[in-house]
Structure formats: C-alpha cells, structure tokens
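The values are calculated or read from the model by the stated rules, or taken from the named source; none is laboratory data. These numbers were taken from a predicted model, which means no experiment stands behind them. In this analysis, Cβ positions are derived from the backbone assuming ideal geometry, glycine residues included, and neighbour counts consider all displayed protein chains. Heavy atoms of the whole protein, side chains included, go into the accessibility calculation; ligands, DNA and RNA do not. Shrake-Rupley method; radii C 1.70, N 1.55, O 1.52, S 1.80 Å.
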Amino acid sequence: MAAKLISDLFKEVEKTTGRKAKVAKLQSFEQNETFMTILQAAFDARVVWELPDSDPPYVEPEDMMDNTGGLYQEARKLYIFTKNSRSANIHSIKRERLFIEMLESIHPNEAELLLSIKNKKVPYKGITKKLVDEAFPGRFQ
C-alpha cells in the first residue's frame, strides 16, 4: 500500500472532532518525519521563508495519481527555501525557480499545502499554532 499524502494526514486531523482527539491525532503522526517537518515549517518562528509572499505561477501536473511519495521526497530540500547557512548563497531567482519545479513535481494537494506553509499557515480548519503547541509542547517556537 502506498503511503498517504501528507495533505491527507492533515485532513485526518481536520476531520477529527474534539480538541483532545485532535491533539492525539497530531501526536499519532509524530514519527512521520515529513509531517513534522511541515508542521515546523508552518508554525516555528525560527523558520523564515526566503520566497516572495505571492504564490508563484506554476502548472499543476496532469498525471499525479500515483505520486504519493512526492512531498516525502521533496521535504528534505525545503532548507533551500528558508533562511539558513546552507542556502545563503542561492540566488533568489534560482530559489524561486526550484520552488516552482518542486510545486510542479508533487501532487496538487501537496502543492497547496506547501504554498500555505510558505505563508506560515496550513489550509485545514482547526490546525493552529496553539493546537500544535499543545500536542508538542516546546518543540516549535
């Protein structure tokens, strides 16, 4: 069985009713490194995105039915788009081009999630910084 999309995991949390149940659902994904990376990118103030505020123009791929591994594979490259010593020498135009290429290589639902976390939000109701801090105290600043 193929892994679920990261966006599907967020949808599971969104559909969960009750605060304690949402916290438990978030905690159930703690061993998923990509899920936790996305939470950190969205809610940790230490992660500063080096991309324009507006969404870049990109073309959604037409055939992405089987690409559940896309964001799992691409998440390790997110450092390229944030302020850190490893990405300091990447020209902004190259950084933006690489971001567009990433968006075009992953499932459209994952691309929507990535665009949202770039703006420090998640596109799912009820998943807030407060909820994430409750689930993972002290993990994200």
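A few points about this structure:
- Taking amide H positions as modeled 1.01 Å from N, with prolines and chain starts lacking one, the residues under 5 Å from Thr82 and 5 or more places away or on another chain are Glu50.
- When peptides 100-107, 10-17 are ranked by their average number of other Cβ atoms within 10 Å per residue, the highest-first order is 100-107, 10-17.
- Every helix of 4 or more DSSP H residues in the chain counts as -39500 (n - 2.57), and over all residues that averages to -14000 deg cm²/dmol at 222 nm.
- Order by protection proxy (mean Cβ within 10 Å, highest first), peptides 43-54, 123-134, 83-94: 123-134, 43-54, 83-94
- Atom-type composition of the exposed protein surface of the chain places 50 percent of the accessible area on carbon and sulfur (1.4 angstrom probe).
- Net charge over other residues, Cβ less than 12 angstrom from the Cβ of Arg76 (K, R count +1; D, E count -1): 0
- Cβ-Cβ FRET estimate between Ile100 and Asn32, R0 fixed at 35 Å, reported to 0.05: 0.85
- J(HN,Hα) series, the stretch 82-89, from Karplus relation 6.51 cos²θ - 1.76 cosθ + 1.60, nearest Hz, glycine and proline x: 10, 6, 6, 5, 6, 10, 4, 9
- Solvent exposure of the chain as accessible area per residue, Å², 1.4 Å probe: 57 Å²
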